[in-house]
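S.K.: One structure, pasted below without further comment.
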Amino acid sequence: MGTSPEIIMILFVAVGCFMAYPEAVSSKHTGITRHYTFNIKLKNITRLCHTKSIVTVNGKFPGPRVIIREGDRLVVKVVNHVPNNISIHWHGVRQLRSGWADGPSYITQCPIQTGHSYVYNFTITGQRGTLFWHAHISWLRATVYGPLIILPRRNESYPFVKPYKEVPILFGEWFNADPEAVINQSLQTGGGPNVSDAYTFNGLPGPLYNCSAKDTYKLKVKPGKTYLLRLTNAALNDELFFSIADHSLTVVEADAVYVKPFETNVLMITPGQTTNVLLTAKSTAPNATFLMLARPYATGMGTFDNTTVAGILEYETPSSSLKNRPLLKPGLPAINATNFVANFTSKFRSLATAKFPANVPQKVDKKFFFTVGLGTKPCPKNQTCQGPTNTTKFAASMNNISFSLPRTALLQSHFFSHYSKRVYAIDFPPFPQIPFNYTGTPPNNTLVNNGTKLVAIPFNTSVEVVLQDTSILGAESHPLHLHGYNFYVVGQGFGNFDPENDPPKFNLVDPVERNTVGVPSGGWVAIRFQADNPGVWLMHCHFDVHQSWGLGMAWIVLDGELPNQKLPPPPSNLPKC
């Protein structure tokens, strides 16, 4: 991985090279325990003719790939050698009764301070496919991320054709400036942050950027072979379209859950989402080279990085025939092609088979309606701000509550409940306190309320949440990620959710199961999940700028009656604040 552009042959790993790992040891679990060490360290990296010191894992950008099997235990020691606080989130891992290992700073743990370490210890239960890991504090996710590949159990096969090779491709965002300085300046001035300077495939920006032809991701394929591309959008603030010239892709998995296969020439993938696709190479090597392109799908009013990352797909042939090949370029939808995105996302369906069932809650114990969008905060006295007006700062909220991170971790406060009231309140509103025409003319008052407010629900509650975009400061798509759970996307639409007429149209048979969903621009999405995992679980927009502005909330799922329904106590080396 890192900066090397060659294909990574994971399949070779899958057929037994695991036993070559000295750190793989037997355990009482159905799988084995796999040990990794993540040294968080600074490294000088050059992109776009610009060298800077970035935060990395083991000096790699992107970080090392973590490969495990369903049922394995993963033990990762994270050692912090940089001046920044750090924590690592295992994005999309269910973390069943292992909430202490989920990783978001000030939610399930205090961050790991300079010179300290923490061991993440959890078992992968009932999951297989592509996920990823990333830093979960401020904007360090810009450079601290890598693939988390969960292979099926031994002797289990994919529910699709066995690929010849497997190739992880992570989409990222590159800033010439220090991303921490970018967000700190934005929070101080109240304005929108400066946008990134490039998008990347596996850390490489490609030939369409200044002095970057040498930093181009190349995918070499053999005629007639089928490749599994494990795609992850690790960009900070941008949803992306992706296409390969003159090649169609078959979508087979989303967010580490198999889906009913469907073909497409163009993918849209939001930050936080993973999509596995099959790419079948042409039966004979064509006399052409093919561009792979990704560029943003953008719906908001603010500025965004309107550039395109390019990689190259080329067929392995005798070298003499490489010269003078035409370079073919794919077409991509318009930057704001909201209808294309709605049609594309509606194609995702669960397999819903006996082996891979869709256990959609058919009846709902608790219903919630959350508005999701932007707003404002007042500018501090005697200061001019760069928000929507010079007296306001940009903010973001759910149900008009802008989430304030506490100074100590919520999960500790909840577990040792004697001081939790000083840290958070459990009065997050289940519905907007002042209803309005959410996607129509916005209200005059755009100010949000600040607070660390949570929703507490009993163990095993079946939950339905309708997430409604608002037109305050412009309608915009929002990728919402729920920690600790997958959920079923039972409905989506444009305009305001209609509680009378929309629910009868919900798909309760084979809806897609995800951990991150795009709330449509000017629309709504309905999700359902069974709250069977005790702990404190963050739900937030995966645009880091919106998360920094407060677009998030958290669920407390209370312990159940039985011993295996309770959250165990924290590990002894849990970081201190």
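The values are calculated or read from the model by the stated rules, or taken from the named source; none is laboratory data. This structure is a prediction, so every number in the text was calculated from the model and none was measured. Please note: Cβ atoms are built from the backbone with ideal geometry, for glycine as well, and neighbour counts cover all protein chains shown. Accessible surface is based on the protein model in full, side chains and every heavy atom, while ligands, DNA and RNA are left aside. Shrake-Rupley method; radii C 1.70, N 1.55, O 1.52, S 1.80 Å.
S.K.: Decide, for the stretch 419-577, between rounded, prolate and oblate: order the square roots of the alpha carbon gyration tensor eigenvalues as a ≥ b ≥ c, take rounded if a/c falls under 1.5, and otherwise choose prolate if a/b is larger than b/c, else oblate.
M.R.: It is oblate, given that a/c is not under 1.5 and a/b is not larger than b/c.
S.K.: Additional query: Please report how far the C-alpha centroid of the stretch 422-437 lies from that of the stretch 446-485, rounded to the nearest whole angstrom.
M.R.: Computed from Cα coordinates, the inter-centre distance equals 10 Å.
S.K.: Can I ask one more? Where q = 0.07, 0.11, 0.12 Å⁻¹, what log10 of I(q)/I(0) comes from the Debye formula for the chain, counting one point per Cα?
M.R.: -0.39, -1.02, -1.25
S.K.: A further question on this structure: Cα centroid distance between the stretch 201-223 and the stretch 289-319, in Å?
M.R.: Each part reduced to its Cα centre gives a spacing of 9 Å.
S.K.: Taking a quarter of the surface of the Cα convex hull of the stretch 29-158, what do you get in nm²? Can you show the working numbers first?
M.R.: Numbers: hull surface 33.6 nm².
Spelled out: convex hull of the Cα atoms, projected over all directions, averaged, 8.4 nm².
S.K.: Describe numerically, in nm with one decimal, the distance between label points set 7 Å from Cα along Cα→Cβ at Ala181 and at Thr51.
M.R.: For Ala181 paired with Thr51, the spin-label model returns 1.7 nm.
S.K.: Can you pull the percent of the stretch 232-350's accessible area that's carbon plus sulfur, 1.4 Å probe, other chains left in place?
M.R.: 51 percent
S.K.: Related question: From largest accessible area down, sort Phe459, Phe506; use a 1.4 Å probe on the protein chains. Let's see the in-between values first.
M.R.: Details: Phe459 45, Phe506 25 Å².
So, going from the largest accessible area down, we get Phe459, Phe506.
S.K.: Given R₀ = 25 Å, what would the calculated FRET efficiency be for Ser157 paired with Asp246, taking r from the Cβ atoms and rounding to 0.05?
M.R.: Between Ser157 and Asp246 the formula returns 0.25.
S.K.: Okay, next question. How large is the direction-averaged shadow of the alpha-carbon convex hull of the stretch 238-302, in nm²?
M.R.: 5.6 nm²
S.K.: What list of ³J(HN,Hα) couplings, whole Hz, do you get for the stretch 30-41 from phi and the Karplus terms 6.51, -1.76, 1.60, once you set θ to phi - 60° and write x for glycine and proline?
M.R.: So the Karplus estimates, Gly and Pro as x, are 4, x, 10, 8, 10, 9, 10, 10, 10, 8, 7, 9 Hz.
S.K.: Moving on to the next point. Around Asp559, under 12 Å between beta carbons, what's the net of Lys plus Arg minus Asp minus Glu among the other residues?
M.R.: Result for the neighbourhood of Asp559: 0.
S.K.: Given that compact globular proteins tend to follow 2.2 N^0.38 Å, what is the ratio of the alpha-carbon Rg of the stretch 288-377 to that value?
M.R.: Cα-based Rg divided by the globular estimate yields 1.79.
S.K.: From the square roots a ≥ b ≥ c of the eigenvalues of the alpha-carbon gyration tensor of the stretch 353-487, which class results: rounded (a/c under 1.5), prolate (a/b over b/c), or oblate?
M.R.: It is oblate, given that a/c is not under 1.5 and a/b is not larger than b/c.
S.K.: Rounded, prolate or oblate: which fits the stretch 440-511, taking a ≥ b ≥ c as square roots of the Cα gyration tensor eigenvalues, rounded meaning a/c under 1.5, else prolate when a/b beats b/c?
M.R.: oblate
S.K.: While we're here: Go ahead and estimate [θ] at 222 nm for the chain from helices alone: -39,500 (n - 2.57) per DSSP H run with n ≥ 4, summed, over the residue count, rounded to 500.
M.R.: Values: 5 runs with 35 residues, N = 577.
About -1500 deg cm²/dmol.
S.K.: What is the distance in Å between the Cα centres of the stretch 496-557 and the stretch 132-189?
M.R.: One Cα centre to the other: 21 Å.
S.K.: Starting from the Cα-Cα distance between Phe356 and Asn445, subtract it from 0.36 nm times their residue separation and give me the gain in nm to one decimal.
M.R.: 27.3 nm
S.K.: Right, next: Stretch Lys77-Val119 to full length: gain in nm at 0.36 nm per residue minus the Cα-Cα span?
M.R.: Here the segment from Lys77 to Val119 would lengthen by 14.7 nm.
S.K.: Using a 7 Å offset from the Cα along the Cα-to-Cβ direction at both Lys366 and Thr317, what is the distance between the two label points in nm, to one decimal?
M.R.: Label-label distance for Lys366 and Thr317, simple model: 6.1 nm.
S.K.: I would also like to ask the following. Could you sort Thr200, Thr226 by accessible area so the largest value comes first, with the probe set to 1.4 Å? Walk me through the numbers on the way to the answer.
M.R.: Working: Thr200 0, Thr226 20 Å².
Correct descending sequence by accessible area is Thr226, Thr200.
S.K.: Order these peptides, 430-443, 144-157, by their mean beta-carbon neighbour count within 10 angstrom, highest first.
M.R.: Output ranking for 430-443, 144-157: 144-157, 430-443.
S.K.: Along Cα→Cβ, 7 Å out, is where each label goes; now give me the distance between the ones at Lys214 and Ser404 in nm to one decimal.
M.R.: About 5.0 nm, to one decimal.
S.K.: Turning to a different aspect of this structure: Within the stretch 209-242, list the residues whose amide N lies under 20 Å from a label point set 7 Å along Cα→Cβ of Asn306.
M.R.: Label zone hits: 209-210, 236-242.
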